[in-house]
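Please treat every number below as a calculation from the coordinates, not as lab data. Given the structure is predicted, the values throughout are model-derived calculations rather than measurements. Glycine also receives a Cβ, built like all others from the backbone with ideal geometry; neighbour counts cover every protein chain displayed.
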Amino acid sequence: MDQQMEQYANLIVREGVNVQPGQTMVVNAPVQCAAFAQALCRQAYQAGAAEAVVFWSDEVVNKIKLQYASDDVIGDVPQWFVDRATHYVQKGACFVSISANDPELLKDVDPAKMALMSKVTRQALQEYRKYLMTNQGCWCVTAMATAPWAKKVFPGLGEQQAVDKLWQAILQASRADGDDPVGDWSRHVQSMKTRVDKLNAHHFDALHMTGANGTDLRIGLADDHIWCGGREESAKGILFSANIPSEEVFTAPHARRVDGKVVSTMPLIYNGVMIDGFSFTFKDGEVVDFAAREGYDTLKLLLDTDEGSLRIGEVALVPYDSPIRQTGILFYNTLFDENASCHLALGDGYATCIGGEDRTDAALEQKGLNRSLSHVDFMVGAADTRITGIKGDVEIPVFEQGNWVI
């Protein structure tokens, strides 16, 4: 396992953030992921990084704060916290974030307190978030198996068995379980580029998504939208992979041209709370009605984040027969579950999806890009999902029975 972890860390460093000689790499790491954070640092130095820095977090301490601290304390983001991120943004660092949260940990915490903490943190870190969302620097979200997460995914196994099985699932999904993870990943993202090029050649005005569960949604696409997937390119021309694993190709919807109903097909873990059996109805791009069998209050708080959280910032296409879906595992982690299903994201859109890295917010909004403090993916693909691309009066099949036909 130590050797596999080093190979996995090397994949994140070389293909994820693509560390450059003399560059700084920052790792956002939960304390329970110390071994993986150390491996990332080791691999970064071996790749020529000038410095590897770790920002530690502790989700249990965070829960205690949410349980006992006042709203005034929770709503106060210290300046040193902001300055730390800004310092490394200004240095041109690349950023790795390890996703390994316990899906059950915050289920008994007041959703309003979690929403407050999430909102003020995003507001305080706007410069950092813009640096990532516009690809001014390279970034990558990845994962490590931890005991609480593994026990949620594999409740019938003992703790170590569950951790081992989750590790193997992570490595398999990330194409890091073979003899040449870097080469395997490179070949994978090159195949995704072929699909991206086909979609960009069509330049659809809209997509129409339907399913037997009640989904019937027309998604207008932003003016001058660009499909992306696999590798992305930073403002400095450095190629990187923002998510490992990744099976999606994605673009920017038009914030005011989404109409109809969409029904979720997988649970969403948001702020440590499970939201399940939910649906949204859109009119002129805005959520005008919603429902949820579980997690309704948390979903309402998400939609109340700001005006942009009521609109769609991303549409991503993932075939139903993707390797992650074929594992049959529900990961309870968006990084993996979103790569097992077509998905949408409430909130902020990626400026890179309309070639707008250097444009003002006003110019981006004029093209139809949504702006928000939030960006929350939720899964909508199923075995019978049908998607057509609309160009004028012409409709071209894109997905049939949940899979690519274009």
The rounded separation in angstrom of the Cα centers of the stretch 1-30 and the stretch 71-121 is 22 Å
Peptides 37-48, 121-132 ordered by average Cβ neighbours within 10 Å, highest first: 37-48, 121-132
Based on DSSP, what percent of beta bridges with both residues in the chain are antiparallel, to the nearest 5? 75 percent
Enumerate the calculated ³J(HN,Hα) couplings along the stretch 98-103 in order (Karplus 6.51 cos²θ - 1.76 cosθ + 1.60, θ = phi - 60°), each rounded to whole Hz, writing x wherever the residue is Gly or Pro. 9, 9, 7, 5, 6, x
Which lysines does Lys63 reach when only Cα atoms under 28 Å apart count, and residues fewer than 8 places away in its own chain are ignored? Lys107, Lys113, Lys119, Lys130, Lys151, Lys152, Lys165, Lys300
Order these peptides, 279-286, 378-385, 23-30, by their mean beta-carbon neighbour count within 10 angstrom, highest first. 23-30, 378-385, 279-286
Could you state the number of Å between the C-alpha centres of the stretch 211-276 and the stretch 277-332? 10 Å
Counting only other residues whose beta carbon sits under 12 Å from that of Gly389, what net charge do I get with K and R as +1, D and E as -1? +2
Taking θ = phi - 60°, what integer Hz values does the Karplus form 6.51 cos²θ - 1.76 cosθ + 1.60 yield along the stretch 209-222, in sequence order, with x for Gly and Pro? 10, 9, x, 5, 7, x, 5, 8, 10, 9, 10, x, 9, 4
Helical mean residue ellipticity (222 nm; -39500 (n - 2.57) per DSSP H run of 4+; nearest 500) of the chain: -10000 deg cm²/dmol
